[in-house]
Amino acid sequence: MKLQVLLRKIHHWGSIIIAIPLIVMIGAGILLSLKKEIDWIQPPIQQGAVIDVPAVTLVEMFEAAKSVPEAGISSWADLERVDIKPDKGVVKFISYSRWEVQIDTSTAEILQVAYRRSDLIESIHDGSFFADNWTKLGLFLPAGIMLFILWMTGIYMFFLPIVKRSQRARKKALSSKD
């Protein structure tokens with residue numbers, strides 16, 4: 001079988017096999033690329049009082065975050081992460097329930113409480129959303145690898161006619177000189 005025919009078959013069947021995981025990855029990727037532009041995806045960072053050294057302790061800011069019932073924060077174990085933004089004067093407490101509480105570093109005032117969807121979308125995008133590792137490593141990873149192969153075969157098939165035409169033109173020019 002000629003290489004060109006083999007690559008066309010790989011391209012054809014590979015695209016069918018990875019269609020569904022790829023649609024999920026592309027859709028989530030589009031949303032992730034817009035996370036800073038759409039507040040529904042990721043809450044914007046509020047501006048706190050920017051000072052060299054925070055006027056309140058992290059524990060005091062944590063206590064303020066605990067007072068927000070939606071966040072469901074009762075202990076440090078309820079937090080997925082704490083994101084400190086010194087240039088904005090804000091500390092973000094992000095709970096496992098995906099609620100984000102932004103606290104001013106100088107007053108421990110609650111600046112914003114919002115649901116954060118970007119982490120959920122990211123976990124869908126990379127396949128880790130699905131409960132088992134099989135989906136991530138057995139479906140999404142092969143789909144990503146196949147997408148790379150489709151890209152390579154597509155580039156080859158795109159440039160092959162250009163190269164062939166160029167070779168024919170060169171061959172024709174050489175034969176006309178004789």
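Does at least one position in segment 139-153 carry a residue that is in contact (Cβ under 8 Å) with a residue 12 or more places away in the chain and in contact with a strand residue (DSSP E or B) (Cβ under 7 Å, 6 or more places away or on another chain)? So far as segment 139-153 goes, no, none of its residues is in contact (Cβ under 8 Å) with a residue 12 or more places away in the chain and in contact with a strand residue (DSSP E or B) (Cβ under 7 Å, 6 or more places away or on another chain).
None of 64, 55 is surrounded by 13 or more Cβ atoms within 10 Å (Cβ to Cβ) and in a helix (DSSP H, G or I) except 64. For residue 76, the conditions (1) within 24 Å of the chain's Cα centre (by Cα); (2) loosely packed, with under 14 Cβ neighbours inside 10 Å are fulfilled apart from (1).
Those strands (runs of 3 or more DSSP E) of segment 75-178 in which at least 1 residues are among the basic types (Lys, Arg) and in the same structural domain as residue 47 (by TED's automatic domain parsing), considering only elements entirely within it, cover 79-85, 90-95.
The values are calculated or read from the model by the stated rules, or taken from the named source; none is laboratory data. Quick caveat: nothing in here was measured; it's all calculated off a predicted structure. Note that each Cβ is placed from the backbone with ideal geometry, even for glycine, and that neighbours are counted across all protein chains shown.
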